[in-house]
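A short write-up of the structure that comes next.
The values are calculated or read from the model by the stated rules, or taken from the named source; none is laboratory data. Bear in mind that the values here come from a model prediction, so they are computed numbers and not experimental data. All Cβ positions, even for glycine, are placed from backbone atoms using ideal geometry, and neighbour counts span all protein chains on display. For the accessible areas, the whole protein counts, side chains as well, though only heavy atoms, and no ligand, DNA or RNA atoms are used. Shrake-Rupley method; radii C 1.70, N 1.55, O 1.52, S 1.80 Å.
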Amino acid sequence: MEITILLDYNLDGHLVFLEAGLKETGWDQILSIKFHRLRDYGIPTDCPDDELWRFVQERQLLLLTHNRNNKGETSLQATIEREKQPDSLPVVTISDKDALSRGDYRRRVSENLAQIIVDLANYRGVSRVFVPF
């Protein structure tokens, strides 16, 4: 199974931990995950949440974020609530990005992320998934 995950700007420096967690849990041998950053697509870090959500949905990318603001009509949550469809991909939100440096935490995040990817059909139409769960 192959999937592309877009890392939000607030996780840019945490890719090494995410890759390590997948390796430590063995999921890197089972899943083909390509991580991309906003800059890989020419997206500025101050891209409005609504535009970013539409971008990932149009390209069928899984958005991995720490958190985005929840204020106003263009916030990520407001956009999801307004525009979500039954086949929309969820936004995966890491509850504590700084804890990714701890092995136990990053392995839990990796396990949960792998579960979401493997069972992605059942996560379509879900607005957000916070990991670890």
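Answer with yes or no whether Leu63 is surrounded by 13 or more Cβ atoms within 10 Å (Cβ to Cβ), part of a helix (DSSP H, G or I) and touching a residue at least 24 places away in the same chain (Cβ under 8 Å). Considered against the rule, which asks whether it is surrounded by 13 or more Cβ atoms within 10 Å (Cβ to Cβ), part of a helix (DSSP H, G or I) and touching a residue at least 24 places away in the same chain (Cβ under 8 Å), Leu63 comes out as no. Among residues of the range 102-118 being among the charged types (D, E, K, R) and within 18 Å of Gln29 (Cβ to Cβ), the one that is most open to solvent (accessible area, probe 1.4 Å) is Arg107. When the residues of the range 89-101 are filtered to those that are surrounded by fewer than 18 Cβ atoms within 10 Å (Cβ to Cβ) and not acidic (Asp, Glu), the one that is modelled with the lowest pLDDT is Ser95.
Residues in the range 1-27 that are assigned to a helix (DSSP H, G or I) and among the β-branched types (Val, Ile, Thr) were compared, and the one that is most open to solvent (accessible area, probe 1.4 Å) is Val16.
Among residues of the range 13-38 that are without any contact (Cβ under 8 Å) to a residue 24 or more places away in the chain, those with a Cβ under 7 angstrom from a residue that is open to solvent by 20 Å² or more (accessible area, probe 1.4 Å) and not β-branched (Val, Ile, Thr), sequence gap 6+ or separate chain, pair up as Leu15/Phe35.
Taking residues in the range 104-127 that are aromatic (Phe, Trp, Tyr), and partners anywhere that are surrounded by 15 or more Cβ atoms within 10 Å (Cβ to Cβ) and at pLDDT 95 or above, the pairs with Cβ atoms closer than 6 Å and at least 6 places apart or on different chains are Tyr105/Ala99; Tyr123/Pro90; Tyr123/Ile116.
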